[in-house]
């Protein structure tokens, strides 16, 4: 049985922070753009949300865990992209009504998923997500 304990929560927060750092390093305009900063700050919470929502992954067979790791990667990437969009909207909202919050959020979410898929980052990040879930599962079972 896998339980969500204090250690599991802290580990999920730490994993989210690490994933946020990876995403920030891969961000194409990180030298000039401030928008990813909001997403990086929110990454630990994204990690916690993914860790808690996907805690059941450890009850699956290996093939199921592999597939669900990909699913969790895309859910986390979508949340990260949404946070980037919120950062973009917050930075540009002073420009007036021409900046539409929902457009900024959706555009950045789709852009993040597009980059994950078509820049083939998922090829490396998918196994990382799988091993991340495995490590969290071992940690949760130990308590």
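The values are calculated or read from the model by the stated rules, or taken from the named source; none is laboratory data. From a predicted model like this one, the values you see are computed outputs, not experimental measurements. Glycine also receives a Cβ, built like all others from the backbone with ideal geometry; neighbour counts cover every protein chain displayed.
Details
- With respect to (1) surrounded by 15 or more Cβ atoms within 10 Å (Cβ to Cβ); (2) at pLDDT below 95; (3) under 20 Å from residue 44 (Cβ atoms), the lone exception for residue 115 is condition (3).
- Boolean, residue 139 is part of a helix (DSSP H, G or I), under 24 Å from residue 11 (Cβ atoms) and modelled with pLDDT of 90 or more: no
- For the range 113-124, the set of residues classified as touching a residue at least 60 places away in the same chain (Cβ under 8 Å) and either out of contact with any helix residue (DSSP H, G or I) (no Cβ under 8 Å at 6 or more places or on another chain) or assigned to a helix (DSSP H, G or I) (or both) consists of 115 only.
Let's see how each residue does on (1) touching a helix residue (DSSP H, G or I) at 6+ places or on another chain (Cβ under 9 Å); (2) closer than 30 Å to residue 137 by Cβ; (3) touching a residue at least 12 places away in the same chain (Cβ under 8 Å); (4) surrounded by fewer than 16 Cβ atoms within 10 Å (Cβ to Cβ):
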| position | (1), (2), (3), (4) |
| --- | --- |
| 6 | no, yes, no, yes |
| 48 | yes, yes, yes, no |
| 76 | yes, yes, yes, no |
| 83 | yes, yes, yes, no |
| 100 | yes, no, no, yes |
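- Total residues in the range 125-136, condition surrounded by fewer than 19 Cβ atoms within 10 Å (Cβ to Cβ) and either within 14 Å of residue 74 (Cα to Cα) or in contact with a helix residue (DSSP H, G or I) (Cβ under 7 Å, 6 or more places away or on another chain) (or both): 3
- Some residue of the range 51-73 being assigned to a helix (DSSP H, G or I), at pLDDT below 90, in contact with a helix residue (DSSP H, G or I) (Cβ under 7 Å, 6 or more places away or on another chain) and under 30 Å from residue 5 (Cβ atoms): yes
- Filter result for the condition that a residue is loosely packed, with under 13 Cβ neighbours inside 10 Å and under 22 Å from residue 131 (Cβ atoms), over 21, 26: 21
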